[in-house]
Amino acid sequence: MTEEYGIHNLPFGIFSAGPGDRPRVGVAYGEHVVDVGRLDVPGAEALRAATLNPFMALGREVWNAFRQSLQDILSRGEVDQYLVPGDRVELHLPFEVADYVDFYSSQHHAENLGRILRPGTPPLPPNWKHLPIGYHGRAGTVAVSGTPVVRPSGQHQDQGQSTPGFGPSASLDLEAEVGFVVGTPSRPGTSVSVAEFEDHVFGVCLVNDWSARDLQAWEYVPLGPFLGKSFLTSISPWVVPLAALTAARRPAPPRDVALLPYLRDDDHPWALDITLQIRLNGELVSRPPFAELYWTPAQQLAHLTSNGASVRTGDLLASGTVSGPARDQRGSLIELSSNGAEPLMLADGTSRRFLQDGDEITITATAPGADGSRIGFGAVCGRVRPAIR
């Protein structure tokens, strides 16, 4: 059995088993996928759908009842006839993305970019430690792991040029992130408190928010990211239920600025001890620690809804790039290569400033689980293809 997909994890995905087979909800267990829609469990009808949204919309009470029921069935060994070998399945986009919001919650990442892009000025903007900064992304270009990364084209202004040109990005980058998937919606005009986080968030996935840094640098003033980000965001095919991460919860890092009441989280710590691994063409190049993030996902959700904006089933909240204090804990190539000034050296003798055509990025992650187990998140992968001309 694959330890990271044991009885204390049970991540959800959408699978099909061969040509003509209909996609439906499955749960990873060891080397197999459990065809859970065939079981007599809470929410069984919703589990026969081709997306997780109907099941996620049933709410926390049903999620927990299903989890307990499935764990009981697995413990009794009554599931063999419902197991599909993992090497025989195709995994699909696990949920229909309603809205996509990307945050900027790692102080280490924000300070690294500030020093790189705005030398001689304070690395953090004055509002950074008072609120979780974020932007609304493009839900329609969120895709499942394995989707090719076609190098985007767009406007960019090369150094020494007075006017922009148009063409393929020369500064294609990765961003290793963690995503939180909303199950239970909120009502418009109301807010979700930090204490209510687990009533609304169903689970966690991995995210690679691919970024064209040269397009981004030219367009982001005054409104922020647009075409430099919108071409593709990749997510892992497995969604780890929030209930599987109880043992991974930690207090947030110390803050040196007093938080406004709606963001205070002393009694509801939602930092998570998740360690990501970034591999470039199979070589491990970084291990970003998610627990280092200044803003927790509960604070992100509280801030997102603080003006009365509602969340819907299938909303995706991404953490922003996860980076730690050490050089080998940085979550993007712009940091690992100091914006190309210090190329990242690889074991094969080559180096990278940014991604080249043919490069493959794989992001994985693990966290502590119950009874000393390890929780795995699967992988989010993508290979870069040349721009379409």
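Read the figures in this text as sums done on the coordinates, not as results from a lab. Just so we're clear, the structure is a prediction, and the values are computed from it rather than from any experiment. Glycine also receives a Cβ, built like all others from the backbone with ideal geometry; neighbour counts cover every protein chain displayed.
Computed values, structure above
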item	result
Residue among Leu336, Val149, Ile116 farthest towards the positive dipole end of the chain, charges placed on Cβ	Ile116
Sequence-distant residues sharing a close amide H with Val311 (under 5 Å, placed H)	Ser186
Amide hydrogen neighbours beyond the local backbone of Thr366, cut-off 5 Å, H modeled	Thr275
Pairwise centroid distance, computed over Cα atoms, of the range 1-44 with the range 83-135, Å	28 Å
Gaussian network model of the chain, springs between alpha carbon atoms under 10 Å - residue of Gly224, Gly30, Gly165 with greatest fluctuation	Gly165
Estimated dipole of the chain in Debye, rounded to 20 [Cβ of Lys and Arg +1, of Asp and Glu -1, Cα centre]	700 debye
Net lengthening on full extension, Glu3/Ala50 (0.36 nm per residue, minus Cα-Cα)	14.2 nm
Ranking of Thr233, Thr350 by count of other Cβ atoms within 10 Å, fewest first	Thr350, Thr233
Ordering of 105-114, 364-373, 180-189 by burial proxy (mean other Cβ atoms within 10 Å per residue, highest first)	105-114, 180-189, 364-373
For peptides 354-361, 118-125, sequence by mean Cβ density within 10 Å, most packed first	354-361, 118-125
At least 18 Å along the helix axis (C-alpha) and Kyte average at least 0.0, DSSP helices within the chain	none
Ascending count of other beta-carbon atoms within 10 Å, so fewest first, for Tyr294, Tyr220	Tyr220, Tyr294
Nearest-0.05 FRET efficiency for Ile116 and Leu346, computed from C-beta distance (R0 30 Å)	0.90
By average C-beta atoms within 10 angstrom, highest first, the peptides 12-19, 156-163	12-19, 156-163
Mean separation of Cα contacts under 8 Å (6+ apart) over length of the chain, as relative contact order %	22 percent
Mean residue ellipticity (222 nm) of the chain, computed from DSSP H runs ≥ 4 via -39,500 (n - 2.57), nearest 500	-4000 deg cm²/dmol
Order of Met56, Met345 under a 10 Å beta carbon neighbour criterion, fewest first	Met345, Met56
For the chain, built as a Gaussian network whose Cα springs stay under 10 Å, the top-fluctuating residue of Gln277, Gln299, Gln68	Gln68
Fraction in percent of alpha-carbon pairs per bin - 10 Å, the range 100-385	6, 30, 37, 21, 5, 0, 0
Positive-pole candidate from Ala318, Val239, Pro288, dipole of the range 100-385, charges at beta carbon	Ala318
Per-q log10 I(q)/I(0), the range 95-159, q = 0.21 Å⁻¹ (Debye; single scatterer per alpha-carbon; no solvent)	-1.04
Over the range 43-186, volume per residue of the alpha carbon convex hull, in Å³	199 Å³
Only Lys, Arg (+1) and Asp, Glu (-1) charged, at Cβ; the range 1-136 dipole about Cα centre in debye	540 debye
